[in-house]
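Single-structure report; data block below.
The values are calculated or read from the model by the stated rules, or taken from the named source; none is laboratory data. Since the structure is predicted, the reported quantities are computational estimates derived from the model, not experimental observations. In this analysis, Cβ positions are derived from the backbone assuming ideal geometry, glycine residues included, and neighbour counts consider all displayed protein chains. Surface areas here come from the heavy atoms of the whole protein model, side chains and all, with no ligands, DNA or RNA. Shrake-Rupley method; radii C 1.70, N 1.55, O 1.52, S 1.80 Å.
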Amino acid sequence: VEEDEFCAADWTFETLKNYYDLPGAKALFTFNKGSTNEIVTTNIVPSTAASQTSHALLQMREKRKVFSPAVLHTDTCPHNEKFWKGIFGQCLQLKLGLFHLLHRIMDTLDPRSGLCWDCVVKLRNATYRCNFDDEASLIKALKDGTFSKTGEKLTDDDIRRLRHSKKWNERYMSFLRKIILPGPTQKHQLHNWIEEFKDGVDIAGRPPFTRNTEKIATEQLKKAHHASDVPGVSMCQETLPGPRWTHGLSKWKWKRPESPLEAFHAFLA
């Protein structure tokens with residue numbers, strides 16, 4: 001783990017449901033290396049207190065020739081900053097994973113509301129945007145048919161509908177670089193998002209907010225600046241278009257490590 005590496009640390013509970021007789025087991029602590037998504041360590045712990053992982057973290061560092069990550073993403077940031085810097089050095093930057101910031105809010109929304117998906121899309125737009133040049137190139141490829149194997153040309157209405165569906169993330173987001181908005185901008189737009197949807201209802205009268213949404217979203221306003229990107233550091237890795245790609249667009253892999261770690265949790269469970 002080199003000096004410019006991004007890592008993530010997190011706890012999962014689902015995995016331990018596979019153990020029937022393990023007294024004192026509370027959670028599984030996991031730690032990964034962002035650039036390769038390799039898992040550095042997993043440890044079953046009696047609590048989610050950071051102190052319960054200290055021995056494992058020291059062993060993890062001491063048994064490797066190089067182990068000095070530049071940035072660590074945790075779901076408890078900014079808490080335990082002194083602890084993490086005591087393990088990995090005072091130069092370590094502690095960041096809040098954007099995955100956790102968004103999902104703490106999204107998990108409170110009512111998926112049965114007709115406004116839910118629009119609510120989710122605008123929540124994401126309040127925290128990050130896509131690179132404008134990448135977006136323009138993708139829209140051009142969708143419209144002129146070079147993105148489709150059959151040459152299908154999409155209209156503006158087709159693209160708008162795709163943007164408000166899961167297909168957009170599954171098929172097209174890898175061609176767009178994500179840019180996390182600065183902390184003050186996130187706070188402002190999250191505030192506007194709360195005001196826009198807190199009293200909203202769909203045509204059936206069902207609101208997208210549940211009773212906890214406004215409270216939790218307001219709490220996240222205080223932490224949004226911890227989820228911003230590190231200034232001057234490129235957070236995307238480019239894969240150039242292959243010879244069979246008719247659209248000529250590059251793919252982009254996000255270096256933020258928390259989402260791959262969450263995927264590993266699901267795999268373990």
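Observations
- Contour excess over end-to-end distance, with Cα ends at residue 38 and residue 225 and 0.36 nm allotted per residue: 64.6 nm
- Under the simplified labelling scheme, the residue 55-residue 218 pair shows an inter-label distance of 4.4 nm, with each label point 7 Å from Cα along Cα→Cβ.
- Just so you know, the Cα atoms of region 210-269 work out to an Rg and Dmax of 17.7, 52 Å.
- Net charge contributed by nearby residues that have their C-beta within less than 14 Å of residue 41 (K/R +1, D/E -1): +1
- Region 36-55-region 158-226 distance, computed between alpha-carbon centres (Å): 31
- This structure gives percent of Cα pairs over 26 Å apart, computed directly, and of [x] 46; [y] 43; [z] 52 that value is listed as [z].
- Calculated log₁₀ intensity ratio I(q)/I(0) where the Debye formula runs over C-alpha points of region 98-247, q = 0.11, 0.19 Å⁻¹: -0.52, -1.18
- Once the Cα-Cα distance is subtracted from the 0.36 nm per residue extended length, the residue 112 to residue 22 segment shows a gain of 28.6 nm.
- Projected label points at residue 81 and residue 3, each 7 Å from Cα along the beta carbon direction, are separated by 2.3 nanometres.
- A helix-only calculation puts the chain at -10500 deg cm²/dmol for mean residue ellipticity at 222 nm, using -39500 (n - 2.57) for each DSSP H run of at least four residues, averaged over all residues.
- Note on exposure: 188, 225 ranked by accessible area (1.4 Å probe, complete protein assembly) read 188, 225, with the most exposed listed first.
- Once the chain from residue 198 to residue 48 is taken as fully extended at 0.36 nm per residue, the excess over their C-alpha distance is 50.7 nm.
- Under 24 Å of direct C-alpha separation, and excluding same-chain neighbours fewer than eight residues apart, residue 33 reaches these lysines: 63, 65, 82, 85, 95, 178, 223, 251, 253, 255.
- Seen from residue 208, the other residues with C-beta closer than 12 Å to its C-beta sum to a net charge of -2, counting Lys and Arg as +1 and Asp and Glu as -1.
- Computed over neighbours whose Cβ is under 13 Å from that of residue 196, the net charge equals -2, Lys and Arg +1, Asp and Glu -1.
- When nucleic acids and ligands are ignored and a 1.4 Å probe is applied, residue 122 ends up with an accessible area of around 80 Å².
- Between amide H atoms placed 1.01 Å from N, distances below 5 Å from residue 236 occur with 255, all of them 5 or more places distant or on a separate chain.
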